[in-house]
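Engineer: Here you go, one structure.
The values are calculated or read from the model by the stated rules, or taken from the named source; none is laboratory data. Since the structure is predicted, the reported quantities are computational estimates derived from the model, not experimental observations. Virtual Cβ from ideal backbone geometry, glycine too; neighbours counted across all protein chains shown. The accessibility values were calculated without ligands, DNA or RNA, using every heavy atom of the protein model including side chains. Shrake-Rupley method; radii C 1.70, N 1.55, O 1.52, S 1.80 Å.
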Amino acid sequence: MTRTLLSLLSFLCFQLTAQIPLTITEFDFEEVPLIDIAVGDLDDNGRTDIYLIGEETQEIIRLTNLGNGTNFIKTTYYLLDEQPLSMGTISFNGGDDMYYMLEGQPGIHVLYGKDPFISEKQSGATLLDTVGGLTQLDLSAFNFSQMLMSSDTSGNLHFEQIIFGSFNYIFPNTSSSLPFAGEAGQISSFGLGDSIDFYVPDVTSGQIFSGQATFNQMNGDINYEDQLEVFDNGLEHPVATMTYSDTMGNRMMFVLDTGLHEIIKYVFQEGMYSKTTLDASFTSPTMMAMGFVDGDNFPDLVVADQDKLWLISNAPSRSNGQAELIVTYDEPIGEFVLTDFDGDGIDDIASVPVSRDKVLVARNDLMTSVQEIESEPFGYWPNPTSTHLYFSESLVPERVELIATNGQIYFPNSEGGKIDVSGIPTGIYIVRTFAEGKMYVDKISKQ
């Protein structure tokens, strides 16, 4: 098949809200209908790229980000012997890596990007597990980089365990399985120390199930309860759960129910929970994502509803579903992701319509209109770090925010030319530093 040349079109005329100005660019894939989309910084250059799988291509395609959130170059990222079916990105060892499934082959393959010291990781792919029939490959359920959770077509849940051998190698364990007689939707979890509470929506029965596991970081073993418990049976068609924890230790979960056309919010406290409905008068919602979209430093929910994207601002503090229209596209949305393409500390949108013939990148121009973004990072070191970030005292930050990949924000103390990060979990963080009327953006790895 002749590959489609990437067509960078002029800015398109979509219906936009005044609150969030967008610059939208279209990339044509008419001859290679798209199967899956993922985003990540696999080459560790500080820019988030777009990764794509097309039909009958036997390759993973990359739209390489040139830095301003509108210019991308199409290249082949990785050639394969079989047709890839699904993929995702995750940090296994301090930087973004890719994992994928192949048609007709069992298991998860891991393809390394670059480690924190900018040296190439292991050449080629590693087979992470040999379990077949996985249906949730794009899922990191446990807030631990050493663990994944997936479900298969037989209804079983699988815990994928990883033990590190060095910066460039891992030693995967085969998965443990937990029977689940249903159709699992998007799973999510809370991690507190070594204890993990996870939630599994059953799309067909309308129930949410909960389970608990304990991860032994000394030997890499996981212990979990043999049976799942019914958490809530009052739903109709729950397709996704999404958990959130704030810096005060408050925990909550959002569930998208496509049968009720609602988002249900659960707030946990002292072993109990309260339940409210964020009914934003959706017509036919299909998917949701959490990110930072409207520039107020609080996490937002973005919901796809046919050809529209809706914003529920500061969703963790919302008691109602008042939503604002972000954008109306020319056709229904097949898939979308939130990420920061231009380094201004606020999320942009990459989407694929149901026709699967294009990628639409919507650069969020809100921050550039309200606050000056310094092109250079603030300049923290060392990176990666485990305890402190140091900076030159020639410019003292007024406020520092660390934003985790799950949307959680940390506000570390800064004094004496250093910032204390010893109390935050390991992972990759976007750092927003406010000083002298400007905002600086860095990306750091906490080990």
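Engineer: Restricting the stretch 248-279 to residues that are on the phi > 0 side of the Ramachandran plot and among the small types (Gly, Ala, Ser), which is most open to solvent (accessible area, probe 1.4 Å)?
Structural biologist: Gly271
Engineer: Here's something else I'd like to know. The conditions are (1) at pLDDT 90 or above; (2) open to solvent by less than 70 Å² (accessible area, probe 1.4 Å), and Ser176 fails exactly one of them. Which is it?
Structural biologist: The one condition Ser176 does not meet is (1).
Engineer: Quick check on the stretch 184-208: of everything there that is more than 15 Å from Phe268 (Cα to Cα) and within 17 Å of the chain's Cα centre (by Cα), which residue is most open to solvent (accessible area, probe 1.4 Å)?
Structural biologist: Ranking the candidates gives Gln186 first.
Engineer: Considering only residues that are at pLDDT below 95 and among the hydroxyl-bearing types (Ser, Thr, Tyr), look in the stretch 33-79 and name the one that is nearest to Leu366 (Cα to Cα).
Structural biologist: Top of the filtered list is Thr70.
Engineer: Another question about this same structure. Identify, from the list Val431, Val337, Val354, the residue that is modelled with pLDDT of 85 or more, open to solvent by 20 Å² or more (accessible area, probe 1.4 Å) and under 18 Å from Asp96 (Cα atoms). Reasoning before the result, please.
Structural biologist: Details: Val431 fails: open to solvent by 20 Å² or more (accessible area, probe 1.4 Å); Val354 fails: under 18 Å from Asp96 (Cα atoms).
From the options Val431, Val337, Val354, the qualifying one is Val337.
Engineer: Looking only at the stretch 26-83, count every residue that is touching an Asp or Glu at 6+ places or on another chain (Cβ under 9 Å), open to solvent by less than 50 Å² (accessible area, probe 1.4 Å) and touching a residue at least 24 places away in the same chain (Cβ under 8 Å) and tell me the total.
Structural biologist: Going through the stretch 26-83 one residue at a time, the tally reaches 25.
Engineer: Checking Thr70 against (1) under 18 Å from Thr339 (Cβ atoms); (2) under 19 Å from the mean Cα position of the chain (by Cα); (3) not hydrophobic (A, V, I, L, M, F, W, C), which test does it fail?
Structural biologist: Of everything listed in (1) under 18 Å from Thr339 (Cβ atoms); (2) under 19 Å from the mean Cα position of the chain (by Cα); (3) not hydrophobic (A, V, I, L, M, F, W, C), Thr70 misses just condition (2).
Engineer: Something else: Out of all the residues in the stretch 205-232, which are outside any loop (DSSP other than H, G, I, E, B), at pLDDT below 70 and aliphatic (A, V, I, L, M)?
Structural biologist: Result: Ile222, single match.
Engineer: Of everything in the stretch 280-319, what is among the acidic types (Asp, Glu), open to solvent by 10 Å² or more (accessible area, probe 1.4 Å) and touching a helix residue (DSSP H, G or I) at 6+ places or on another chain (Cβ under 8 Å)? Give them in sequence order.
Structural biologist: Within the stretch 280-319, Asp294 is the sole residue that qualifies.
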